[in-house]
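> Sending over a structure as structure tokens; questions will come in a sec.
Computed from the coordinates by the stated procedures, all read-outs in this text should not be read as laboratory data. The shown structure was predicted, so the numbers you read here are calculated from the model rather than taken from an experiment. Ideal geometry is used to build each Cβ from the backbone, glycine not excepted, and the neighbour counts take in all protein chains shown.
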Amino acid sequence: MSEPETPAPPVPQEAVSEPAPEPVDSTANDAAVDREIARKTRRSLFVGGLAAVAGGGIWEWLRTRRNEDGVPWPLRLALRTDEELSRDYFRPARLARTFGPGDIEELRENGDIGLDEDVSPDWKLVVEGAGQPLTLAMDDLKTLPKVEQITQFKCIEGWSHVWKFGGVRFRDFAQKYAPGATDPNSYVALETPGREYYVGLDWASAMHPQTLICYEMNGEPISEEHGAPLRLAIPLKYGVKNLKRIGKIAFTKTRPADFWAERGYDWYAGF
């Protein structure tokens with residue numbers, strides 16, 4: 001009988017050797033990374049270049065389209081679309097924010113179109129388009145209830161100030177001096193004496209409760225540089241619509257001309 005085989009003794013774990021890791025070629029890895037970065041950079045530049053060319057082509061196409069009221073018609077169409085959305089959003093109950101007396105800021109001069117001459121001592125306000133033409137004096141306006149409000153004047157250039165305005169509501173003015181003007185689809189045109197500057201308003205904006213015909217600012221009679229003796233204050237419109245030195249107010253069935261809209265700006269100019 002043969003003797004059983006004696007098993008080999010277990011090899012201690014620490015005696016088993018792992019194969020040594022191969023050395024890493026860091027130079028090769030760096031070169032691969034550089035190649036990938038270069039590839040992506042070239043692709044980004046190519047895509048960016050195509051986008052720039054396409055954008056430039058679109059802008060050139062827009063720029064060379066037929067002009068309408070001072071701007072290419074596609075841009076004018078975009079402005080009108082923005083106006084339609086704004087008019088749908090507009091509500092008489094939507095009020096501009098009002099402030100307290102402590103928020104009133106110093107007046108700032110800006111814009112003098114139509115203010116070249118001194119205020120005429122014979123200044124009168126002409127009203128047209130609602131029956132017989134009228135010529136009104138300041139005393140006629142002051143027979144209406146006086147309203148004061150502290151609101152923010154926003155300039156289309158990007159600055160704003162909180163000012164106090166005193167005068168009469170435009171809708172009160174219209175009710176008394178233009179009682180025949182009631183069509184909500186009509187417009188209001190305002191201009192300086194001599195029509196150097198002029199603006200147009202849609203009916204809803206003109207009749208908004210915060211739209212004022214003002215003869216005071218910050219508690220004092222309006223100065224010449226701010227539109228004496230009478231100016232418009234409409235806080236839901238940018239400053240370009242806040243006409244200074246009103247000489248004529250006309251009620252019209254057709255959309256009136258607007259100084260800055262004829263020079264490429266938005267006719268509605270609301271926010």
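> Pick out, from 230, 249, 210, the residue whose Cα sits farthest towards the positive end of the charge dipole of the stretch 188-264, with +1 on the Cβ of Lys and Arg and -1 on the Cβ of Asp and Glu.
Of the listed residues, the answer is 249.
> Relative to the Cα centre, what is the charge dipole magnitude of the stretch 159-271, using +1 at the beta carbon of each Lys and Arg, -1 at the beta carbon of each Asp and Glu, and rounding to the nearest 20 debye? Don't skip to the answer; put the middle values down first.
Working: 14 positive and 12 negative charges, 40 e Å.
Result for the stretch 159-271 is approximately 200 debye, rounded to the nearest 20.
> Mind giving me the nanometre distance, one decimal, between the label points for residue 65 and residue 123, set 7 Å out from Cα along Cα→Cβ?
If labels sit at residue 65 and residue 123, their model points lie 4.2 nm apart.
> Would you order 237, 176 from fewest to most other beta-carbon atoms within 10 Å of each residue's own beta-carbon? Walk me through the numbers before you get to the answer.
On the way: 237 22, 176 13.
With the sparsest Cβ surroundings first, the list reads 176, 237.
> What are the extents of the Cα atoms of the stretch 127-271 along their three principal axes, in Å, largest first?
Ordered largest first, the stretch 127-271 gives principal extents of 40, 36, 28 Å.
> Compute the Cα gyration tensor for the stretch 95-135, then decide on rounded, prolate or oblate, letting a ≥ b ≥ c be the square roots of its eigenvalues: rounded whenever a/c is under 1.5, prolate when a/b is larger than b/c in the other cases, and oblate in all that remain.
Values: a/c = 2.98, a/b = 1.54, b/c = 1.93.
Here the stretch 95-135 falls in the oblate category.
> Considering only the other residues whose Cβ falls under 11 Å of the Cβ of residue 143, what net charge follows from Lys and Arg at +1 and Asp and Glu at -1?
It works out to a net charge of 0.
> Zone of residue 106 (label point 7 Å along Cα→Cβ, backbone N under 16 Å): which residues in the stretch 148-166?
Counting only backbone N, you get 160-164.
> Taking the Cβ of residue 194 as the center, what net charge do the other residues with Cβ under 14 Å away carry, scoring Lys and Arg +1 and Asp and Glu -1?
Numbers: positive: 124, 195, 244, 245, 248; negative: 112, 116, 117, 118, 122, 191, 196.
Its environment carries a net charge of -2.
> Taking R0 as 25 Å, what FRET efficiency do you get between residue 98 and residue 155 from their Cβ-Cβ distance, rounded to the nearest 0.05? Intermediate results must be reported in sequence, preceding the final value.
Working: r = 19 Å, r/R0 = 0.75.
Computed FRET efficiency for residue 98 and residue 155: 0.85.
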